[in-house]
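Contents: one structure, followed by commentary.
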Amino acid sequence: MSEALMKALELLVFGWGGVFSVILIIYLAALLIAKAFPVKNK
């Protein structure tokens, strides 16, 4: 493959990897907050 295409694929992998990493961190933070502050039923 050409050098430019390899560089583009590398950037694509890092970009999507970053997106899913941030989504995972936000999800884990939401779970942690839900455990720390449970909903109180009356």
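The numbers here are math on the coordinates, done by the rules we state, and not lab data. None of these values were measured; they are calculated from a predicted model. Every residue, glycine as well, gets a Cβ built from its backbone with ideal geometry; the counts of neighbours run over all protein chains shown.
Please count how many residues of the chain are part of a helix (DSSP H, G or I) and either among the small types (Gly, Ala, Ser) or touching a residue at least 40 places away in the same chain (Cβ under 8 Å) (or both). Steps first, please.
Taking the chain first, the residues part of a helix (DSSP H, G or I) are 3-36.
Next, from what is left, pick out any that are either among the small types (Gly, Ala, Ser) or touching a residue at least 40 places away in the same chain (Cβ under 8 Å) (or both): 4, 8, 15, 17-18, 21, 29-30, 34, 36.
Summing the residues that are part of a helix (DSSP H, G or I) and either among the small types (Gly, Ala, Ser) or touching a residue at least 40 places away in the same chain (Cβ under 8 Å) (or both) in the chain gives 10.
Kindly indicate which of LEU28, LEU12, LEU24 is surrounded by 10 or more Cβ atoms within 10 Å (Cβ to Cβ) and more than 11 Å from the chain's Cα centre (by Cα). Talk me through it step by step, then tell me what you get.
On the way: LEU28 fails: more than 11 Å from the chain's Cα centre (by Cα); LEU24 fails: more than 11 Å from the chain's Cα centre (by Cα).
From the options LEU28, LEU12, LEU24, the qualifying one is LEU12.
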